[in-house]
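One structure is given below, encoded as structure tokens.
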Amino acid sequence: MSSEPPPGSGQQPPEDDPFRKQPPPEQGSGSPYNAPHGGAQPPPYGGDPYGGGSYPSDPLAGMPPLADSGKRTLARIIDMILVGIVVWLLTWGFGVSEYDVDADEVEYGKSFAQSAVAAVLYIAYDTFLMAKTGQTLGKKWLKMRVANLDNGSTPSVQTALVRSLVLWIPFAFCCACIWTAISGGVSYFDKPYKQGLHDKAAKTVVVTT
């Protein structure tokens with residue numbers, strides 16, 4: 001049995017991960033992450049900001065700058081439009097439309113089926129692309145990516161799935177755009193990591209590329 005730690009377990013990412021966090025430069029190099037606490041260089045590893053594990057004392061050290069929340073919102077809108085078109089085509093093609101039925105029972109059943117198709121496609125889209133490159137198409141076009149907070153690497157499938165479930169299950173079956181606005185809107189006010197609720201659940205951040 002292999003003793004290698006699973007991906008996303010808080011251990012250092014593989015050497016061939018192009019997005020793994022780089023060691024912070026020596027003091028005096030001019031990096032904006034070099035001395036974030038009044039000029040004192042933070043120790044390389046220490047307390048987990050979530051209360052356990054071996055995160056860096058400053059998890060952002062060695063990472064690119066955090067992505068702007070406005071650009072994150074625009075990237076999410078792009079992704080919603082792209083996947084929404086596919087959802088509409090599939091549900092229309094299979095006759096799963098909530099607009100062409102009269103009986104309340106049938107309308108509810110078809111509406112639920114449409115929501116299920118939307119949930120599966122959105123979750124699959126986010127999970128697959130996040131685990132592969134850390135970028136959906138919207139994020140790629142706007143030059144952002146999702147990174148593990150602990151080591152800056154591309155999220156594992158498990159991490160990407162948790163992030164996607166928190167974002168898309170309420171969207172598809174309950175609160176639609178309201179939940180997306182709440183979950184993503186938190187990043188406008190969250191400090192210091194600009195995390196949405198889905199980022200907090202998966203322990204990820206969004207950085208520039």
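Kindly indicate the residue of the stretch 57-77 that is in contact with a Gly (Cβ under 7 Å, 6 or more places away or on another chain), assigned to a loop (DSSP other than H, G, I, E, B) and not aliphatic (A, V, I, L, M) and also least open to solvent (accessible area, probe 1.4 Å) among those meeting that condition.
Narrowing the stretch 57-77 to residues in contact with a Gly (Cβ under 7 Å, 6 or more places away or on another chain): 57, 62-63, 72-73, 75-76.
Of the ones still in play, those that are also assigned to a loop (DSSP other than H, G, I, E, B) are 57, 62-63.
Still in the running and not aliphatic (A, V, I, L, M): 57, 62.
On the way: SER57: 51, GLY62: 26 Å².
If we take residues in the stretch 57-77 being in contact with a Gly (Cβ under 7 Å, 6 or more places away or on another chain), assigned to a loop (DSSP other than H, G, I, E, B) and not aliphatic (A, V, I, L, M), then GLY62 is least open to solvent (accessible area, probe 1.4 Å).
How many residues, within the stretch 176-209, are out of contact with any strand residue (DSSP E or B) (no Cβ under 9 Å at 6 or more places or on another chain) and either open to solvent by 80 Å² or more (accessible area, probe 1.4 Å) or farther than 15 Å from ARG76 by Cβ (or both)?
The initial filter retains those residues of the stretch 176-209 that are out of contact with any strand residue (DSSP E or B) (no Cβ under 9 Å at 6 or more places or on another chain), namely 176-186, 188-191, 197, 200-201.
Then drop every residue that is not either open to solvent by 80 Å² or more (accessible area, probe 1.4 Å) or farther than 15 Å from ARG76 by Cβ (or both), which leaves 177-178, 182, 188-191, 200-201.
The qualifying residues number 9.
Name the pairs whose Cβ atoms lie under 6 Å apart, with the first residue in the stretch 70-81 and on the phi > 0 side of the Ramachandran plot and at pLDDT 95 or above, the second outside any helix (DSSP H, G or I) and open to solvent by less than 20 Å² (accessible area, probe 1.4 Å), and 6 or more positions between them or separate chains?
Filtered contacts from the stretch 70-81: no entries.
Restrict the check to the stretch 142-155 and report whether at least one residue is over 17 Å from ASP68 (Cα atoms), assigned to a loop (DSSP other than H, G, I, E, B) and in contact with a helix residue (DSSP H, G or I) (Cβ under 7 Å, 6 or more places away or on another chain).
yes
Taking the condition of a type in the set (A, V, I, L, M), touching a Pro at 6+ places or on another chain (Cβ under 6 Å) and under 19 Å from VAL83 (Cβ atoms), does MET130 pass?
On the way: of a type in the set (A, V, I, L, M): yes; touching a Pro at 6+ places or on another chain (Cβ under 6 Å): yes; under 19 Å from VAL83 (Cβ atoms): yes.
The answer is yes for MET130.
Residues are listed down the side, and each one gets a yes or a no for (1) under 15 Å from VAL205 (Cα atoms); (2) assigned to a helix (DSSP H, G or I); (3) open to solvent by less than 30 Å² (accessible area, probe 1.4 Å); (4) at pLDDT below 90:
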site: VAL83; (1), (2), (3), (4): no, yes, yes, no
site: ASP102; (1), (2), (3), (4): no, no, no, yes
site: GLN114; (1), (2), (3), (4): no, yes, no, yes
site: LEU121; (1), (2), (3), (4): no, yes, no, no
site: TYR125; (1), (2), (3), (4): no, yes, no, no
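Looking only at the stretch 137-175, how many residues end up being closer than 23 Å to SER115 by Cβ, over 11 Å from the mean Cα position of the chain (by Cα) and open to solvent by less than 40 Å² (accessible area, probe 1.4 Å)? If you could, list the steps in order and put the result at the bottom.
Residues of the stretch 137-175 that are closer than 23 Å to SER115 by Cβ, as a first pass: 137-138, 160-175.
Retained after the next criterion (residues that are over 11 Å from the mean Cα position of the chain (by Cα)): 137-138, 168-175.
Narrowing further to those that are open to solvent by less than 40 Å² (accessible area, probe 1.4 Å): 138, 168, 170-172.
Of the residues in the stretch 137-175, 5 are closer than 23 Å to SER115 by Cβ, over 11 Å from the mean Cα position of the chain (by Cα) and open to solvent by less than 40 Å² (accessible area, probe 1.4 Å).
The values are calculated or read from the model by the stated rules, or taken from the named source; none is laboratory data. Here the structure is a predicted model, which means the values were calculated and not measured. Don't worry about glycine lacking a Cβ; one is built from the backbone with ideal geometry, like all the others, and counts go over all protein chains shown. For accessibility, only protein heavy atoms count, side chains too; no ligands or nucleic acids. Shrake-Rupley method; radii C 1.70, N 1.55, O 1.52, S 1.80 Å.
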